[in-house]
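The values are calculated or read from the model by the stated rules, or taken from the named source; none is laboratory data. On a predicted model such as this, the values are computed, not experimentally measured, just so you know. Neighbour counts are summed over all protein chains in view; Cβ atoms, including those assigned to glycine, are modelled from backbone coordinates with ideal geometry.
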Amino acid sequence: MALLEVKDLHTSFFTDAGEVRAVNGVSFSLDRGKVLGIVGESGSGKSVTAYSIMQILASTGKIVSGSVVYDGQELVGADERTMKNIRGNKISIIFQDPMTSLNPTYTIGRQLMEAITLHTNRNKQQAWDRAVEMLKLVNVNEPERRMRQYPFEFSGGMRQRVMIAMALACEPDILIADEPTTALDVTIQAGILELMKDIQREMGMAIIMITHDLGVVAQLCDEIVVMYAGSICEQGTAEDIFYHPCHEYTKGLLRSIPTTSNAGEKLQPISGTPIDLLNMPKGCAFAPRCDAAMKICIREACEKMAIEGNHSAACWMNVKKVVNTNGTE
């Protein structure tokens, strides 16, 4: 049985301008010890999917329908007491900006100890010892001295390590990492990713890596979900996505990142801007930006179809390939 199973999840934000359907029918599963990458541009619904799992949506947000099952337990509709036991203890999240995620008025030690005492039965001294242990685990130098310091005394990379330590302090089954390396330079980013891989292997936990950077998921993920306009347009193994992409949006993402195969060539950005979720088109949401769009793409959205194995994509181009191969319409 999968550790986490998300089925047909729909999450909306109800604003004065109308209903924003931020997540539309998202489904995926996560096994123990595996790493799942959720990829897409800003506004594609990646973070809202994570916040829906944790049930930490803004006041205007609501899970309209769908199911989120953790270890056999349904979380959609669960009361706040149940979710408090899940959050941090069973499923932890690293938010994307360590600059604002840490309280500037409290010491690092106080914030780490608060997370530990909230979710475990450790006393104050045991919480201190556990916090020091976690700082050592994420390679923060002089951990006991650092416990007495404030966030402004840490670099961006060190603050991110503190956030990782806080998320892992209660040994969760699942770690959700929401853009964990966005604010970091390339050298520090590589160190953080290597650290996460080491900890994942050591603790055997499952990870959901949320990012817009395909280079990040290439290093870390077993399976990948590609999102656009709140929906999954393609999903499969890392090999499927990188070597056999079957959605035009995925292909566009791959063309826009530097690789050894396109060294020296001009990168090709995806033209246009992300779709307005308040004014979704009738057909494929990506059609207005797609160079390969056909008339049917404008008229009708394509259902997700199986490609091979667990690889699937929602793109009419795959139907066109089958038609061309068979020589019939």
Query raised in the report: Quick check: anything in segment 85-101 surrounded by fewer than 14 Cβ atoms within 10 Å (Cβ to Cβ), in contact (Cβ under 8 Å) with a residue 24 or more places away in the chain, of a type in the set (Val, Ile, Thr) and out of contact with any His (no Cβ under 9 Å at 6 or more places or on another chain)?
Result: no
Report summary line: When (1) more than 16 Å from the chain's Cα centre (by Cα); (2) modelled with pLDDT under 95 are applied to Ser42, the one that fails is (1)
**Report entry** Residue list for segment 69-104, filter: within 20 Å of the chain's Cα centre (by Cα) and among the acidic types (Asp, Glu)
**Finding:** Asp71, Asp97
Query raised in the report: Which of (1) part of a helix (DSSP H, G or I); (2) under 24 Å from Arg21 (Cα atoms); (3) of a type in the set (S, T, N, Q) is the odd one out, the single condition Asn85 does not satisfy?
Result: (2)
Requested in this report: Would you mind telling me which numbered condition in (1) more than 21 Å from Thr117 (Cα to Cα); (2) at pLDDT 90 or above Glu144 fails?
Outcome: (1)
Requested in this report: Taking the options Ala50, Ala22, Ala58, name whichever one is assigned by TED's automatic domain parsing to the domain that holds Glu248, without any contact (Cβ under 8 Å) to a residue 60 or more places away in the chain and within 18 Å of the chain's Cα centre (by Cα).
Outcome: Ala58
Report summary line: Filtering helices (runs of 4 or more DSSP H) wholly in segment 102-218 for at least 2 residues that are among the acidic types (Asp, Glu) and closer than 16 Å to Val35 by Cβ gives 186-203
Report summary line: Matching residues in segment 90-130 (in contact with a Phe, Trp or Tyr (Cβ under 8 Å, 6 or more places away or on another chain) and among the aromatic types (Phe, Trp, Tyr)) number 1
Report task. Look through Ile210, Ile176, Ile164 and report the one residue that is buried (at least 19 other Cβ atoms within 10 Å of the Cβ), in contact (Cβ under 8 Å) with a residue 40 or more places away in the chain and farther than 20 Å from Thr49 by Cβ. Result -> Ile164
Requested in this report: Evaluate the following for Leu118: is it in contact with a Leu (Cβ under 8 Å, 6 or more places away or on another chain) and within 14 Å of Ala169 (Cβ to Cβ)?
Outcome: no
Query raised in the report: Has segment 245-254 got any residue that is hydrophobic (A, V, I, L, M, F, W, C), in a helix (DSSP H, G or I), assigned by TED's automatic domain parsing to the domain that holds Asn24 and at negative phi?
Result: yes
Query raised in the report: Within segment 219-244, how many residues are assigned to a strand (DSSP E or B) and in contact with a strand residue (DSSP E or B) (Cβ under 8 Å, 6 or more places away or on another chain)?
Result: 12
Query raised in the report: Checking Ile224 against (1) under 19 Å from Val23 (Cβ atoms); (2) free of Cβ contacts under 8 Å to residues at least 60 places away in the same chain, which test does it fail?
Result: (2)
Report summary line: Within segment 268-292, the count of residues that are closer than 17 Å to Ile232 by Cα and in a loop (DSSP other than H, G, I, E, B) comes to 12
